[in-house]
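Read the structure below first, then the notes.
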Amino acid sequence: QFPFGRRLPCDIYWHGVSFHDNDIFSGQVNKFPGMTEMVRKITLSRAVRTMQDLFPLEYNFYPRSWILPEEFPLFVDEVRMMKDSDPSWKPTFIVKPDGGCQGDGIYLIKDPSDIRLTGSIQSRPAVVQEYICKPLLVDKLKFDIRLYVLLKSLEPLEIYIAKDGLSRFCTEPYQEPTLKNLHQVFMHLTNYSLNIHSGNFIHSDNVNTGSKRTFSSILCRLSSRGADVKKLWSDIISLVIKTIIALTPELKVYYQSDIPAGKPGPTCFQILGFDILLMKNLKPMLLEVNANPSMRIEHEQELSPGVFENVPSPVDEEVKVAVIRDTLRLVDPQKKKRKDVQYNYVLWYRCQTLEEASEAKEEAREAGDGGERGGSRSPEAGLPSLCLKQVFPKYARQFSYLRLVDRVAALFIRFLGVKGTTKLGPTGFRTFIRNCKLSNSNFSMASVDILYIDITRRWNSMGIDHKESGMCLQAFVEAFFCLAQKKYKSLPLHEQVASLIDFCEYHLAALDEKRLVCGRG
């Protein structure tokens, strides 16, 4: 550990909280710029909602959500309309503070009028979601799943999922929410940091029992009951990939701001904690994504009043040690060097003449290997097989059609102009419209300016980010959707957006070609 920094560069930097823990200019760092902001409850909800607008069926794994305080009137109106259309609908809602963690400030309500609006919601924005009333139960208890996901690269996108995770249990038998039991957090909230304070919490040395178990033990139990575990895993993989696809557009904007193309800078990777709830019918639902999942492999045990000691947790150790070990194996900078050496071996043994063999042997020696057949034993030879399974680009073909907002973000970044910024100015927006040939007699440049001002003003009034003036990516996406709907009126939204992207990319490619020809001239 170097609490006061280190002069010599490192291969890998392991930051505790965010990308900005230290200023670094090379190597790899275990945080992406902007990730902490992107997985906050409001930002995540907005990103998923954009995808739900485009692909409602593909993104039905995230509960219906409203952002408070700005969408409180909308929340009230929509709930009233749904109740009027279906009088038997008796919903429960869960309110989650935007910056909250470990269950802090979460509460359940039966009606919008129950939201605690006095002061706190104004100073502490929140997300209110439809509560999942019919979760899968094990031993009559509600539980959630913490899965560890490695985002190894943003461009190209590379995602790994750990083959095992943690199942975290409530400590009171579950009952569907009523006015009488809404306040019983040990029944409704699965957060480990809450339930550990329950008198019913069970620390177990066995991964199959207790209030925290391995996910694999739950899968074994489900399999023994005849459940289709293979389909469940497939659904979870799909949920993870789709969620990261929803997050990547804005992450790329943060990335180019902190690590501008063409300048020296680190590459990034990050372990994320996905919290997933299984419904009674085994449909996985996304609860939230954690940018800094706890990697502790011990828990506090009270020896006497006020006296605690740290005790090893076999369940945590089994899952988390493998995740960190294999993350380091996957990002190991020496791995590429070893592959290059192996390639030299192949060249060497394919040589046809003694002279060629001598030259290849010398090259292998310079690459850091003795050049002797067999070489030294691989550092990974004694390690278990990887617990992290690649899911992207492995399944890229199945999900590439969802990456429309990624392409919109690429247009946004192209017209940002000043390196290091995350907001588009009015000149940049006008240039985008002009270069993509989007203005005409029905949509003048004056209309372009009005569109820019209206959308930018509304997004800035939400308090998204006042450090810079201009149009943020979410506002640009909204403007882009608006332009697509005007230009391609008869198509569904995702086809409208795809058609406008193709149109813009075609004109920009033609412009680039023209500039290239002029440059050669």
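One table, with the values for the structure above:
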read-out	value
Heavy-atom accessible surface of the chain: percent carbon and sulfur, 1.4 Å	54 percent
Between the stretch 1-55 and the stretch 418-457, the Cα center-to-center distance that results, in Å	30 Å
Quotient of Cα Rg and 2.2 N^0.38 Å for the chain, N being how many residues it contains	1.11
Inter-label distance, nm, simple model (7 Å from Cα along the C-beta direction), Glu300/Ser447	6.2 nm
Distant-in-sequence amide H partners of Val391 (H built 1.01 Å from N, under 5 Å)	Ile159, Tyr160, Ile161
In the stretch 400-514, lysine pairs closer than 27 Å at Cα, eight or more apart or cross-chain	12
Hz values of 3J(HN,Hα) by residue in the stretch 477-492 - Karplus curve (6.51, -1.76, 1.60), Gly and Pro given as x	4, 4, 4, 5, 4, 4, 5, 5, 5, 6, 7, 10, 5, 8, 8, x
Span from the the stretch 205-226 Cα centroid across to the the stretch 233-295 one, whole angstrom	26 Å
J(HN,Hα) series, the stretch 77-90, from Karplus relation 6.51 cos²θ - 1.76 cosθ + 1.60, nearest Hz, glycine and proline x	5, 5, 5, 4, 5, 5, 5, 5, 6, 9, x, 7, 6, 10
Overall form of the stretch 400-514 per C-alpha gyration tensor (a/c, 1.5; a/b vs b/c)	rounded
Eligible lysines near Lys389 by straight Cα distance, threshold 22 Å, same-chain separation 8 or greater	Lys31, Lys152, Lys163, Lys230, Lys231, Lys242, Lys283, Lys320, Lys335, Lys336, Lys339
Candidate aspartates and glutamates for bridging to Lys394, where Cα separation is under 20 Å - those fewer than 8 sequence places away on the same chain excluded	Glu58, Glu155, Glu158, Asp164, Asp235, Asp326, Asp406
In the stretch 1-61, the chymotrypsin sites (Phe, Trp or Tyr not before Pro) that fall in loop regions by DSSP, at most 11 other Cβ within 10 Å	Phe4, Phe25
Antiparallel %, DSSP beta bridges [both residues in the chain], to 5	95 percent
Whichever lysines have a C-alpha closer than 18 Å to that of Lys83, once near sequence neighbours (fewer than 8 apart) are set aside	Lys110
Per residue accessible area in Å² of the chain, where ligands, DNA and RNA are left out and the probe is 1.4 Å	52 Å²
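The values are calculated or read from the model by the stated rules, or taken from the named source; none is laboratory data. Being a predicted model, the structure only gives us computed values, none of them experimental. Note: ideal-geometry Cβ built from the backbone for every residue, glycine included; neighbour counts use all protein chains shown. Each accessible area value is taken on the protein alone, full model and side chains, heavy atoms only, with ligands, DNA and RNA left out. Shrake-Rupley method; radii C 1.70, N 1.55, O 1.52, S 1.80 Å.
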